[in-house]
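The values are calculated or read from the model by the stated rules, or taken from the named source; none is laboratory data. A quick note: this is a predicted structure, and the numbers were derived from the prediction, not measured. Here Cβ is always computed from backbone atoms with ideal geometry, including for glycine, and neighbour counts include all displayed protein chains.
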Amino acid sequence: MTTSDRVNGSTFSFSWTVYSEFIAVKSIDASFIRYRITGIPRAICSYWEVNFEENQKRSIAIVFCEESFTGDIHITNNRARLSWRKNLQNKMIEEFPRLQESRETYFAVFHKRFKNEYDLQIIGSDHYFEKLYFMQNPNPSEFPINFFEKNHFLHRIDEYKRKLQI
């Protein structure tokens, strides 16, 4: 895959996957936790309803563990970024203490409630597909896995582990 692909209605770009207009998933990297910021690739800016106007900044609410935190989407130097305050970083580390030093792969699942309000769940790779599916389908009769997406996802985990030299 290239840096931006569409498959079965999903958009893949760098460490992001947008599954629908309501669900986007980010593979968590060191800057996500350490610096409280992540880049938003142009290919998925529509999920965040971002227009590329220099020095644009918009506050959003990020609901994590039933608490609301403030985040910002901002455009500088022709790049989009999502950032949040230290209180959300602290809550993430409190809920997932191994995030900082873990060699496991974690994912941030954003579920859009409104234009400026998003639920955030952090999940480990072991439960990625189950949780994503149940978020989209609250009353499933069975759990179907899209073969391509699962293989793509597992490939990304292997790639990530190789970078960490696990």
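Conditions tested, residue by residue: (1) in contact (Cβ under 8 Å) with a residue 24 or more places away in the chain; (2) in contact with an Asp or Glu (Cβ under 7 Å, 6 or more places away or on another chain); (3) charged (D, E, K, R).
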{"position": "64", "(1), (2), (3)": "yes, no, no"}
{"position": "72", "(1), (2), (3)": "no, no, yes"}
{"position": "75", "(1), (2), (3)": "yes, yes, no"}
{"position": "81", "(1), (2), (3)": "yes, no, yes"}
{"position": "97", "(1), (2), (3)": "no, no, no"}
{"position": "101", "(1), (2), (3)": "no, no, yes"}
{"position": "113", "(1), (2), (3)": "yes, yes, yes"}
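Within the stretch 83-92, count every residue that is surrounded by 15 or more Cβ atoms within 10 Å (Cβ to Cβ) and either in contact (Cβ under 8 Å) with a residue 60 or more places away in the chain or not small (Gly, Ala, Ser) (or both). Write out each step before concluding.
We begin by selecting, within the stretch 83-92, every residue surrounded by 15 or more Cβ atoms within 10 Å (Cβ to Cβ); these are 83-84, 88-89, 91-92.
Applying the additional criterion that residues be either in contact (Cβ under 8 Å) with a residue 60 or more places away in the chain or not small (Gly, Ala, Ser) (or both) yields 84, 88-89, 91-92.
Here the count works out to 5.
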In the stretch 57-92, anything of a type in the set (S, T, N, Q) and at pLDDT below 90 is listed as 76, 77, 78
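Can you go through 34, 42 and tell me which one is among the charged types (D, E, K, R) and without any contact (Cβ under 8 Å) to a residue 60 or more places away in the chain? It would help to see each step written out before you state the result.
On the way: 34 fails: without any contact (Cβ under 8 Å) to a residue 60 or more places away in the chain.
Checking each option against the conditions leaves just 42.
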Practice problem: Please verify whether the stretch 59-67 includes one or more residues that are in a loop (DSSP other than H, G, I, E, B), out of contact with any helix residue (DSSP H, G or I) (no Cβ under 9 Å at 6 or more places or on another chain) and either more than 24 Å from residue 12 (Cα to Cα) or aromatic (Phe, Trp, Tyr) (or both). | Solution: yes
Filtering the stretch 93-119 down to residues that are in a loop (DSSP other than H, G, I, E, B), at pLDDT 85 or above and either at positive phi or loosely packed, with under 12 Cβ neighbours inside 10 Å (or both) yields 115
